[in-house]
Amino acid sequence: MMTNPVLEAIYNRRSCRSFKPEPISKEIINTIIEAGNRAPSQGRVEKGKKDPLFQPWRFVVVENPEFKNQLLKTTLPIWKKSTEQMKTLFPEMYAKAMRLQEVMDEPKDMVYYSAPVILFIIGLAEYAVSCALACQNIMIAAQSLGLGSCYVGFGSLVKGDAEIVQTLELTDNERIYGPIILGYPKDIPEAHAMLSKKEEPTIKWI
Ligand SMILES: Cc1cc2nc3c(=O)[nH]c(=O)nc-3n(C[C@H](O)[C@H](O)[C@H](O)COP(=O)(O)O)c2cc1C
């Protein structure tokens, strides 16, 4: 198979759910955010003026342990409720989540996996495609710099907490993409062996 550093980062990226506690330097975090910022984005027309380079996103980097705790306190009950529902509907998925919980360090943070950095990609609701592209750039850049990452949809369910909404400065027309957790990986191989193996792509040639 053909390869190069970009393809290697894409092929080797897997969701990481176990991190070393060591922090990530500001320089690296900024580099990763810049990769997100360079994603393709859909232009807009506002007040009759064309803005083809409109970037519909902004970023919030969370490292503060108290704020992380507050995020977890808000999202963990939602995670628990969904996981309970999985039990009967998707028993295999439920078993995987439980196995992952068993190998985690205390305290069990099943939403953000005690990652050193939680990166919120916040964008306008109608620009979901552009924001998703920024997210993917971020995860590939992280991989290329030796970091693990995971897009944690559960981690975005914080809109019910007024204080969190205020701290993130979320407005009504914004939504959270990600957040993406980042850190130096502890044991990716075990995590991905448990969670997913990639199937061959479905392709139709015409
Ligand atoms: C929209 C979206 C939401 C996700 N939410 C979560 C989540 O809340 N928790 C989690 O552990 N993984 C989450 N993931 C990661 C997926 O589980 C993971 O990408 C998938 O199993 C494929 O594995 P891979 O990333 O290793 O290729 C999410 C991924 C996407 C794209």
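We did not get these values from a lab; they are worked out from the coordinates using the rules stated. If you're wondering where the values come from, they're calculated on a predicted model, not measured in any experiment. A quick note on method: Cβ atoms are made from the backbone with ideal geometry, for glycine too, and the neighbour counts reach across all protein chains shown.
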The exposure ranking of 174, 22, 200, fewest beta-carbon neighbours within 10 Å first, is 200, 22, 174
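Work through the residues other than residue 70 whose Cβ is under 12 Å from its Cβ and net out their charges, Lys, Arg +1 and Asp, Glu -1.
Net of charged neighbours comes to -1.
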Could you sort out which of 81/108; 80/108; 73/159; 108/159; 20/87; 73/108 sit more than 19 Å apart by Cα distance in this structure? 108/159; 20/87
Helix-only estimate, please: 222 nm mean residue ellipticity of the chain, summing -39500 (n - 2.57) across DSSP H runs of length 4 or more and dividing by its residues, to the nearest 500. -14000 deg cm²/dmol
Jot down the radius of gyration and Dmax of the chain, Cα atoms only, both in angstrom. 17.9, 56
Quick one, could you list the DSSP H helices from the chain stretching 27 Å or more along their long axis (Cα atoms) with average Kyte-Doolittle hydropathy of -1.0 or above? 65-89
